[in-house]
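The values are calculated or read from the model by the stated rules, or taken from the named source; none is laboratory data. Not measured: the values here are computed from a predicted model. Note that each Cβ is placed from the backbone with ideal geometry, even for glycine, and that neighbours are counted across all protein chains shown.
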Amino acid sequence: MKKISDRVCKIEPSGIRKFFDLAQKEKDIITLGIGEPDFDVPEKIKDRAIRAIENSYNHYTSNYGLLELREKISKKLRKFNKISADPEKEILITTGSSEGLDLAFRTLLNPNDEILIPSPSYVSYIPTTLLSGGIPVVVPAYEKDEFRLLPEEIEKRLTKRTKCIVLASPNNPTGAVLRRKDIEEIADIAIKNDLFVISDELYEYLIYDNEEHFSIASIPEMKERTITVNGFSKSYAMTGLRLGYVAASEEIIESMMKIHQYGMLCAPSISQYAALEFENCEKDVKAMAEIYEMRRNLLYKRLNEIDGISAVKPKGAFYIFPNIKQSKLSSENFAERLLKEAKVVVIPGNIFGKDGEGYVRISYSTSTENIEKALERIEKFMGNLNL
Ligand SMILES: Cc1ncc(COP(=O)(O)O)c(C=O)c1O
(Lines give C-alpha, C1' and ligand atoms only; values in the text may rest on other atoms or scores of the structure.)
Protein backbone atom coordinates (compact mmCIF):
# COMPACT_ATOMS: atom_id res chain seq x y z
CA MET A 1 0.00 0.00 0.00
CA LYS A 2 1.25 3.53 -0.82
CA LYS A 3 1.90 5.26 2.49
CA ILE A 4 1.83 8.90 1.57
CA SER A 5 -1.14 10.68 0.01
CA ASP A 6 -1.01 11.71 -3.65
CA ARG A 7 -1.45 15.37 -2.69
CA VAL A 8 1.60 15.37 -0.45
CA CYS A 9 3.63 13.42 -3.03
CA LYS A 10 2.95 16.25 -5.50
CA ILE A 11 4.84 18.84 -3.44
CA GLU A 12 8.58 19.29 -2.88
CA PRO A 13 10.33 20.49 0.29
CA SER A 14 11.29 24.18 0.09
CA GLY A 15 14.51 24.72 -1.86
CA ILE A 16 15.50 27.52 0.54
CA ARG A 17 16.16 25.05 3.34
CA LYS A 18 18.49 23.06 1.09
CA PHE A 19 20.74 26.11 0.79
CA PHE A 20 20.86 26.66 4.52
CA ASP A 21 21.82 23.01 4.99
CA LEU A 22 24.62 23.39 2.43
CA ALA A 23 25.80 26.58 4.15
CA GLN A 24 26.01 24.79 7.51
CA LYS A 25 28.82 22.71 6.10
CA GLU A 26 30.97 25.76 5.21
CA LYS A 27 33.00 28.09 7.47
CA ASP A 28 33.29 31.94 7.40
CA ILE A 29 29.97 32.25 5.59
CA ILE A 30 28.09 35.51 5.02
CA THR A 31 24.43 34.84 4.52
CA LEU A 32 22.26 37.04 2.36
CA GLY A 33 19.72 34.28 2.26
CA ILE A 34 17.61 34.93 5.33
CA GLY A 35 13.95 35.84 4.86
CA GLU A 36 13.42 37.35 8.28
CA PRO A 37 14.32 40.61 10.02
CA ASP A 38 17.70 40.78 11.76
CA PHE A 39 16.21 43.17 14.34
CA ASP A 40 14.99 42.42 17.81
CA VAL A 41 11.26 42.61 18.52
CA PRO A 42 10.26 46.14 19.70
CA GLU A 43 10.74 46.58 23.48
CA LYS A 44 7.06 47.32 24.16
CA ILE A 45 6.01 44.05 22.52
CA LYS A 46 8.71 42.16 24.36
CA ASP A 47 7.65 43.64 27.75
CA ARG A 48 4.02 42.83 27.08
CA ALA A 49 4.96 39.21 26.27
CA ILE A 50 6.89 38.95 29.53
CA ARG A 51 3.92 40.37 31.45
CA ALA A 52 1.61 37.91 29.71
CA ILE A 53 3.78 35.01 30.85
CA GLU A 54 3.99 36.40 34.40
CA ASN A 55 0.20 36.81 34.48
CA SER A 56 -0.23 33.21 33.30
CA TYR A 57 -2.10 34.15 30.13
CA ASN A 58 -1.23 30.72 28.87
CA HIS A 59 -4.75 29.52 28.08
CA TYR A 60 -6.64 29.09 24.83
CA THR A 61 -8.14 32.33 23.56
CA SER A 62 -11.33 32.57 21.49
CA ASN A 63 -10.91 30.63 18.24
CA TYR A 64 -11.11 33.96 16.42
CA GLY A 65 -8.36 35.40 18.65
CA LEU A 66 -8.50 38.00 21.42
CA LEU A 67 -11.33 40.44 20.71
CA GLU A 68 -9.17 43.32 21.98
CA LEU A 69 -6.53 42.49 19.38
CA ARG A 70 -9.13 42.15 16.63
CA GLU A 71 -10.49 45.57 17.59
CA LYS A 72 -7.04 47.12 17.31
CA ILE A 73 -6.48 45.39 13.96
CA SER A 74 -9.87 46.62 12.73
CA LYS A 75 -8.89 50.19 13.66
CA LYS A 76 -5.55 49.81 11.85
CA LEU A 77 -7.26 48.30 8.76
CA ARG A 78 -9.61 51.27 8.63
CA LYS A 79 -6.88 53.87 9.11
CA PHE A 80 -3.97 52.44 7.12
CA ASN A 81 -5.57 50.11 4.57
CA LYS A 82 -8.94 51.87 4.18
CA ILE A 83 -10.66 48.50 4.71
CA SER A 84 -13.69 48.27 6.96
CA ALA A 85 -13.74 44.97 8.87
CA ASP A 86 -16.04 44.17 11.78
CA PRO A 87 -13.74 42.93 14.58
CA GLU A 88 -16.38 40.42 15.75
CA LYS A 89 -17.09 38.74 12.42
CA GLU A 90 -14.67 39.77 9.72
CA ILE A 91 -11.22 39.24 11.28
CA LEU A 92 -9.52 36.00 12.30
CA ILE A 93 -6.19 35.85 14.16
CA THR A 94 -3.94 33.15 12.70
CA THR A 95 -0.69 31.39 13.48
CA GLY A 96 1.45 33.53 11.20
CA SER A 97 0.29 34.67 7.80
CA SER A 98 1.32 31.17 6.66
CA GLU A 99 -1.75 29.75 8.31
CA GLY A 100 -3.83 32.60 6.89
CA LEU A 101 -2.69 31.67 3.37
CA ASP A 102 -3.35 27.98 3.94
CA LEU A 103 -6.86 28.68 5.25
CA ALA A 104 -7.54 31.03 2.35
CA PHE A 105 -6.62 28.45 -0.31
CA ARG A 106 -8.46 25.64 1.45
CA THR A 107 -11.57 27.75 1.98
CA LEU A 108 -11.88 28.94 -1.60
CA LEU A 109 -10.63 26.09 -3.80
CA ASN A 110 -12.59 23.13 -5.10
CA PRO A 111 -10.76 20.32 -6.91
CA ASN A 112 -9.44 21.56 -10.25
CA ASP A 113 -10.23 25.22 -9.65
CA GLU A 114 -7.47 27.31 -11.20
CA ILE A 115 -5.70 29.96 -9.20
CA LEU A 116 -3.47 32.61 -10.77
CA ILE A 117 -0.15 32.94 -8.97
CA PRO A 118 2.51 35.55 -9.75
CA SER A 119 5.91 34.20 -10.75
CA PRO A 120 8.34 34.75 -9.14
CA SER A 121 6.62 34.84 -5.76
CA TYR A 122 6.67 33.44 -2.24
CA VAL A 123 7.37 29.71 -2.07
CA SER A 124 4.19 28.58 -0.29
CA TYR A 125 1.54 29.63 -2.82
CA ILE A 126 1.98 26.72 -5.24
CA PRO A 127 2.34 23.86 -2.69
CA THR A 128 -0.59 25.20 -0.67
CA THR A 129 -2.70 25.31 -3.82
CA LEU A 130 -1.77 21.71 -4.63
CA LEU A 131 -2.59 20.57 -1.10
CA SER A 132 -5.98 22.23 -1.49
CA GLY A 133 -6.63 20.29 -4.70
CA GLY A 134 -6.46 23.43 -6.85
CA ILE A 135 -4.44 23.98 -10.02
CA PRO A 136 -1.76 26.69 -9.88
CA VAL A 137 -1.49 28.77 -13.05
CA VAL A 138 1.57 30.99 -12.99
CA VAL A 139 1.47 34.56 -14.24
CA PRO A 140 4.93 35.91 -15.08
CA ALA A 141 6.07 39.26 -13.77
CA TYR A 142 8.95 40.59 -15.85
CA GLU A 143 12.16 42.43 -15.04
CA LYS A 144 11.34 45.02 -17.74
CA ASP A 145 8.26 45.95 -15.65
CA GLU A 146 10.31 46.01 -12.42
CA PHE A 147 8.66 42.62 -11.70
CA ARG A 148 5.23 44.20 -11.22
CA LEU A 149 2.36 41.84 -12.01
CA LEU A 150 0.39 43.42 -14.85
CA PRO A 151 -3.37 43.13 -15.40
CA GLU A 152 -2.92 42.11 -19.06
CA GLU A 153 -0.82 39.09 -18.03
CA ILE A 154 -3.63 38.01 -15.70
CA GLU A 155 -6.26 38.52 -18.38
CA LYS A 156 -4.35 36.29 -20.84
CA ARG A 157 -4.54 33.35 -18.44
CA LEU A 158 -8.20 33.43 -17.49
CA THR A 159 -10.23 30.30 -18.23
CA LYS A 160 -13.67 29.06 -17.24
CA ARG A 161 -12.02 27.33 -14.30
CA THR A 162 -10.26 30.39 -12.86
CA LYS A 163 -11.46 30.96 -9.32
CA CYS A 164 -8.96 33.24 -7.72
CA ILE A 165 -5.96 35.60 -8.14
CA VAL A 166 -3.09 35.86 -5.68
CA LEU A 167 -1.62 39.33 -5.21
CA ALA A 168 1.57 39.83 -3.23
CA SER A 169 2.71 43.40 -2.75
CA PRO A 170 5.44 44.10 -1.74
CA ASN A 171 6.67 40.88 -3.30
CA ASN A 172 9.07 38.28 -1.95
CA PRO A 173 11.56 37.72 -3.70
CA THR A 174 11.54 40.72 -6.07
CA GLY A 175 10.56 43.61 -3.76
CA ALA A 176 8.09 44.79 -6.44
CA VAL A 177 5.25 47.03 -5.28
CA LEU A 178 2.07 47.01 -7.35
CA ARG A 179 0.73 50.33 -8.62
CA ARG A 180 -2.69 51.54 -7.58
CA LYS A 181 -3.80 51.85 -11.22
CA ASP A 182 -2.86 48.19 -11.89
CA ILE A 183 -4.60 47.00 -8.73
CA GLU A 184 -7.74 48.86 -9.80
CA GLU A 185 -7.60 47.15 -13.19
CA ILE A 186 -7.08 43.76 -11.54
CA ALA A 187 -10.14 44.51 -9.39
CA ASP A 188 -12.17 45.21 -12.55
CA ILE A 189 -11.03 41.86 -13.97
CA ALA A 190 -12.03 40.10 -10.74
CA ILE A 191 -15.46 41.73 -10.67
CA LYS A 192 -16.13 41.13 -14.39
CA ASN A 193 -15.14 37.45 -14.15
CA ASP A 194 -16.55 36.76 -10.68
CA LEU A 195 -13.15 35.93 -9.14
CA PHE A 196 -11.74 36.07 -5.64
CA VAL A 197 -8.46 37.69 -4.64
CA ILE A 198 -6.07 36.54 -1.94
CA SER A 199 -3.96 39.59 -1.14
CA ASP A 200 -0.75 38.92 0.79
CA GLU A 201 0.25 42.26 2.35
CA LEU A 202 2.80 41.05 4.88
CA TYR A 203 5.46 43.62 3.92
CA GLU A 204 3.05 46.59 3.72
CA TYR A 205 5.12 48.85 6.01
CA LEU A 206 8.43 48.08 4.29
CA ILE A 207 8.01 50.37 1.29
CA TYR A 208 10.56 52.87 -0.03
CA ASP A 209 10.90 55.93 -2.29
CA ASN A 210 7.53 57.28 -1.15
CA GLU A 211 5.72 54.44 -2.94
CA GLU A 212 2.17 53.80 -1.79
CA HIS A 213 0.73 50.61 -0.34
CA PHE A 214 -2.75 50.09 -1.75
CA SER A 215 -5.07 47.36 -0.49
CA ILE A 216 -7.41 45.88 -3.10
CA ALA A 217 -10.10 45.27 -0.45
CA SER A 218 -10.37 49.05 0.02
CA ILE A 219 -12.25 49.14 -3.30
CA PRO A 220 -15.86 48.81 -2.07
CA GLU A 221 -16.95 46.10 -4.58
CA MET A 222 -13.84 44.06 -3.75
CA LYS A 223 -14.43 43.65 -0.04
CA GLU A 224 -16.75 40.67 -0.51
CA ARG A 225 -14.34 38.92 -2.89
CA THR A 226 -11.00 39.52 -1.15
CA ILE A 227 -9.17 37.74 1.62
CA THR A 228 -6.54 40.14 2.96
CA VAL A 229 -3.70 38.15 4.54
CA ASN A 230 -1.34 39.89 6.90
CA GLY A 231 0.78 39.39 10.01
CA PHE A 232 3.37 40.68 12.42
CA SER A 233 6.43 38.71 11.28
CA LYS A 234 8.18 41.18 9.03
CA SER A 235 7.18 44.70 10.08
CA TYR A 236 7.45 43.94 13.81
CA ALA A 237 10.32 41.41 13.64
CA MET A 238 8.04 38.81 15.26
CA THR A 239 8.69 35.80 13.00
CA GLY A 240 9.10 33.24 15.79
CA LEU A 241 6.04 34.50 17.67
CA ARG A 242 3.90 33.14 14.81
CA LEU A 243 1.13 35.69 14.57
CA GLY A 244 -0.95 36.79 11.63
CA TYR A 245 -4.50 37.74 10.71
CA VAL A 246 -6.95 37.64 7.86
CA ALA A 247 -9.79 39.99 6.99
CA ALA A 248 -12.66 39.01 4.71
CA SER A 249 -16.47 38.88 4.58
CA GLU A 250 -18.31 37.27 7.47
CA GLU A 251 -19.16 34.20 5.38
CA ILE A 252 -15.54 33.60 4.38
CA ILE A 253 -14.14 34.27 7.87
CA GLU A 254 -16.66 31.89 9.40
CA SER A 255 -15.59 29.19 6.94
CA MET A 256 -11.88 29.83 7.53
CA MET A 257 -12.54 29.71 11.25
CA LYS A 258 -13.95 26.17 10.92
CA ILE A 259 -10.66 24.87 9.53
CA HIS A 260 -8.66 26.94 12.03
CA GLN A 261 -10.77 25.65 14.92
CA TYR A 262 -10.03 22.02 14.15
CA GLY A 263 -6.48 22.42 12.87
CA MET A 264 -5.06 25.08 15.19
CA LEU A 265 -7.68 25.94 17.82
CA CYS A 266 -6.25 29.41 18.34
CA ALA A 267 -3.09 31.40 17.64
CA PRO A 268 -0.48 31.39 20.47
CA SER A 269 -1.95 33.29 23.42
CA ILE A 270 1.28 34.94 24.63
CA SER A 271 1.96 36.26 21.13
CA GLN A 272 -1.57 37.65 20.92
CA TYR A 273 -1.18 39.52 24.23
CA ALA A 274 2.23 40.79 23.14
CA ALA A 275 0.80 42.07 19.86
CA LEU A 276 -1.69 44.27 21.72
CA GLU A 277 1.19 46.76 21.79
CA PHE A 278 1.60 46.87 18.01
CA GLU A 279 -0.08 50.25 17.58
CA ASN A 280 2.45 51.78 19.99
CA CYS A 281 5.41 50.63 17.90
CA GLU A 282 5.03 52.89 14.86
CA LYS A 283 8.40 54.52 15.56
CA ASP A 284 10.20 51.14 15.79
CA VAL A 285 8.69 49.99 12.49
CA LYS A 286 9.68 53.24 10.80
CA ALA A 287 13.22 53.05 12.17
CA MET A 288 13.65 49.48 10.85
CA ALA A 289 12.25 50.48 7.44
CA GLU A 290 14.71 53.39 7.24
CA ILE A 291 17.64 51.05 7.88
CA TYR A 292 16.38 48.58 5.26
CA GLU A 293 16.10 51.42 2.77
CA MET A 294 19.71 52.47 3.37
CA ARG A 295 20.91 48.90 2.89
CA ARG A 296 18.81 48.58 -0.26
CA ASN A 297 20.39 51.74 -1.67
CA LEU A 298 23.86 50.36 -0.98
CA LEU A 299 23.13 46.99 -2.60
CA TYR A 300 21.37 48.51 -5.58
CA LYS A 301 24.27 50.87 -6.31
CA ARG A 302 27.10 48.41 -5.73
CA LEU A 303 25.50 45.40 -7.49
CA ASN A 304 24.99 47.47 -10.62
CA GLU A 305 28.68 48.43 -10.55
CA ILE A 306 29.73 44.77 -10.74
CA ASP A 307 30.39 43.49 -14.28
CA GLY A 308 27.94 40.76 -15.25
CA ILE A 309 25.24 41.68 -12.70
CA SER A 310 22.33 44.10 -13.00
CA ALA A 311 19.44 44.75 -10.68
CA VAL A 312 16.22 46.76 -10.80
CA LYS A 313 15.52 48.92 -7.78
CA PRO A 314 13.15 47.10 -5.45
CA LYS A 315 10.47 49.33 -3.90
CA GLY A 316 9.64 47.22 -0.88
CA ALA A 317 10.29 44.24 1.44
CA PHE A 318 13.99 43.48 2.18
CA TYR A 319 15.03 41.68 -0.99
CA ILE A 320 16.77 42.58 -4.22
CA PHE A 321 16.58 40.23 -7.22
CA PRO A 322 19.61 40.74 -9.46
CA ASN A 323 19.91 39.34 -12.98
CA ILE A 324 22.89 36.96 -13.24
CA LYS A 325 22.26 35.71 -16.79
CA GLN A 326 25.58 37.07 -18.10
CA SER A 327 27.39 34.57 -15.87
CA LYS A 328 25.94 31.84 -18.16
CA LEU A 329 25.26 29.82 -15.00
CA SER A 330 21.84 28.62 -13.94
CA SER A 331 20.49 30.23 -10.77
CA GLU A 332 21.17 27.05 -8.77
CA ASN A 333 24.66 26.71 -10.16
CA PHE A 334 25.44 30.35 -9.50
CA ALA A 335 24.25 30.12 -5.89
CA GLU A 336 26.11 26.84 -5.30
CA ARG A 337 29.36 28.19 -6.71
CA LEU A 338 29.01 31.50 -4.88
CA LEU A 339 28.61 29.54 -1.67
CA LYS A 340 31.56 27.23 -2.29
CA GLU A 341 33.95 29.74 -3.88
CA ALA A 342 33.02 33.04 -2.22
CA LYS A 343 31.30 31.84 0.97
CA VAL A 344 28.22 33.96 0.35
CA VAL A 345 24.70 32.54 0.60
CA VAL A 346 22.07 33.80 -1.84
CA ILE A 347 18.90 31.98 -2.88
CA PRO A 348 18.47 30.78 -6.49
CA GLY A 349 15.63 32.66 -8.17
CA ASN A 350 14.05 29.57 -9.75
CA ILE A 351 12.95 28.43 -6.28
CA PHE A 352 10.34 31.22 -6.47
CA GLY A 353 8.90 30.03 -9.79
CA LYS A 354 10.27 29.27 -13.24
CA ASP A 355 10.35 32.97 -14.15
CA GLY A 356 12.95 33.44 -11.42
CA GLU A 357 15.51 31.48 -13.45
CA GLY A 358 18.50 33.69 -14.25
CA TYR A 359 18.16 35.66 -11.01
CA VAL A 360 19.09 35.23 -7.35
CA ARG A 361 17.41 36.57 -4.24
CA ILE A 362 19.60 38.66 -1.97
CA SER A 363 18.14 39.58 1.38
CA TYR A 364 19.30 42.76 3.12
CA SER A 365 18.08 41.76 6.54
CA THR A 366 21.68 41.71 7.70
CA SER A 367 24.17 44.37 8.84
CA THR A 368 25.66 46.94 6.45
CA GLU A 369 29.07 45.56 7.38
CA ASN A 370 28.04 42.07 6.24
CA ILE A 371 26.53 43.45 3.06
CA GLU A 372 29.73 45.36 2.23
CA LYS A 373 31.89 42.30 2.85
CA ALA A 374 29.58 40.11 0.77
CA LEU A 375 29.61 42.61 -2.09
CA GLU A 376 33.41 42.50 -2.19
CA ARG A 377 33.29 38.72 -2.35
CA ILE A 378 30.62 38.73 -5.08
CA GLU A 379 32.69 41.18 -7.13
CA LYS A 380 35.76 38.97 -6.85
CA PHE A 381 33.71 35.87 -7.73
CA MET A 382 32.34 37.56 -10.85
CA GLY A 383 35.85 38.69 -11.81
CA ASN A 384 37.08 35.10 -11.56
CA LEU A 385 34.38 33.95 -14.00
CA ASN A 386 36.30 35.84 -16.72
CA LEU A 387 33.16 36.88 -18.60
C1 LIG B 1 5.21 37.07 1.05
C2 LIG B 1 5.19 36.23 2.28
N3 LIG B 1 3.99 35.81 2.75
C4 LIG B 1 3.90 35.03 3.85
C5 LIG B 1 5.03 34.63 4.56
C6 LIG B 1 4.86 33.80 5.80
O7 LIG B 1 5.24 34.51 6.95
P8 LIG B 1 4.65 34.30 8.41
O9 LIG B 1 3.95 33.00 8.44
O10 LIG B 1 5.82 34.37 9.32
O11 LIG B 1 3.68 35.44 8.65
C12 LIG B 1 6.29 35.04 4.11
C13 LIG B 1 7.52 34.61 4.81
O14 LIG B 1 8.63 34.77 4.37
C15 LIG B 1 6.38 35.86 2.95
O16 LIG B 1 7.55 36.30 2.48
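Looking at Ile347, Ile320, Ile351, just one residue is touching a helix residue (DSSP H, G or I) at 6+ places or on another chain (Cβ under 6 Å) and surrounded by fewer than 24 Cβ atoms within 10 Å (Cβ to Cβ), and that residue is Ile351.
Among the strands (runs of 3 or more DSSP E) confined to segment 110-206, the ones with at least 1 residues that are touching a residue at least 60 places away in the same chain (Cβ under 8 Å) and within 25 Å of Glu99 (Cβ to Cβ) are located at 114-119, 135-140, 196-200. Filtering segment 28-65 to residues that are hydrophobic (A, V, I, L, M, F, W, C), more than 24 Å from the chain's Cα centre (by Cα) and surrounded by 16 or more Cβ atoms within 10 Å (Cβ to Cβ) leaves Ile29, Ala49, Ala52.
Within segment 236-265, if we keep just the residues that are surrounded by 22 or more Cβ atoms within 10 Å (Cβ to Cβ) and among the hydroxyl-bearing types (Ser, Thr, Tyr), the residue that is nearest to Lys82 (Cα to Cα) turns out to be Tyr245.
For segment 145-157, indicate whether the set of residues that are β-branched (Val, Ile, Thr), more than 16 Å from the ligand (Cβ to nearest atom) and buried (at least 18 other Cβ atoms within 10 Å of the Cβ) is non-empty.
Checked segment 145-157: at least one residue is β-branched (Val, Ile, Thr), more than 16 Å from the ligand (Cβ to nearest atom) and buried (at least 18 other Cβ atoms within 10 Å of the Cβ).
Residues in segment 93-116 that are within 15 Å of the ligand (Cβ to nearest atom) and polar (S, T, N, Q): Thr94, Thr95, Ser97, Ser98. The lone criterion from (1) under 30 Å from Ile320 (Cβ atoms); (2) in a loop (DSSP other than H, G, I, E, B) left unmet by Lys3 is number (1). Condition check: outside the structural domain of Glu357 (by TED's automatic domain parsing), within 16 Å of the ligand (Cβ to nearest atom) and farther than 26 Å from Met264 by Cβ. Does Pro170 satisfy that? So Pro170 fits the description; yes.
Please work out which residue is farthest from the ligand (Cβ to nearest atom), limiting yourself to segment 189-234 and to residues that are hydroxyl-bearing (Ser, Thr, Tyr) and touching a Gly at 6+ places or on another chain (Cβ under 8 Å).
Taking segment 189-234 and keeping what is hydroxyl-bearing (Ser, Thr, Tyr), we get 199, 203, 205, 208, 215, 218, 226, 228, 233.
Retained after the next criterion (residues that are touching a Gly at 6+ places or on another chain (Cβ under 8 Å)): 203, 208, 233.
Working: Tyr203: 7, Tyr208: 17, Ser233: 3 Å.
So, considering only residues that are hydroxyl-bearing (Ser, Thr, Tyr) and touching a Gly at 6+ places or on another chain (Cβ under 8 Å), the one farthest from the ligand (Cβ to nearest atom) is Tyr208.
One residue alone among Phe321, Phe334, Phe352 is within 19 Å of Ala374 (Cα to Cα) and within 16 Å of the ligand (Cβ to nearest atom), and that residue is Phe321.
Only one of the listed residues (Asp86, Asp102) is outside the structural domain of Lys10 (by TED's automatic domain parsing) and in a loop (DSSP other than H, G, I, E, B). That residue is Asp86. Among helices (runs of 4 or more DSSP H) entirely within segment 210-316, having at least 2 residues that are outside the structural domain of Ser97 (by TED's automatic domain parsing) and either closer than 20 Å to Ile93 by Cα or not small (Gly, Ala, Ser) (or both) singles out 282-305. Among the residues making up segment 221-235, those that are over 14 Å from Leu77 (Cα atoms) and surrounded by fewer than 20 Cβ atoms within 10 Å (Cβ to Cβ) are Glu221, Glu224.
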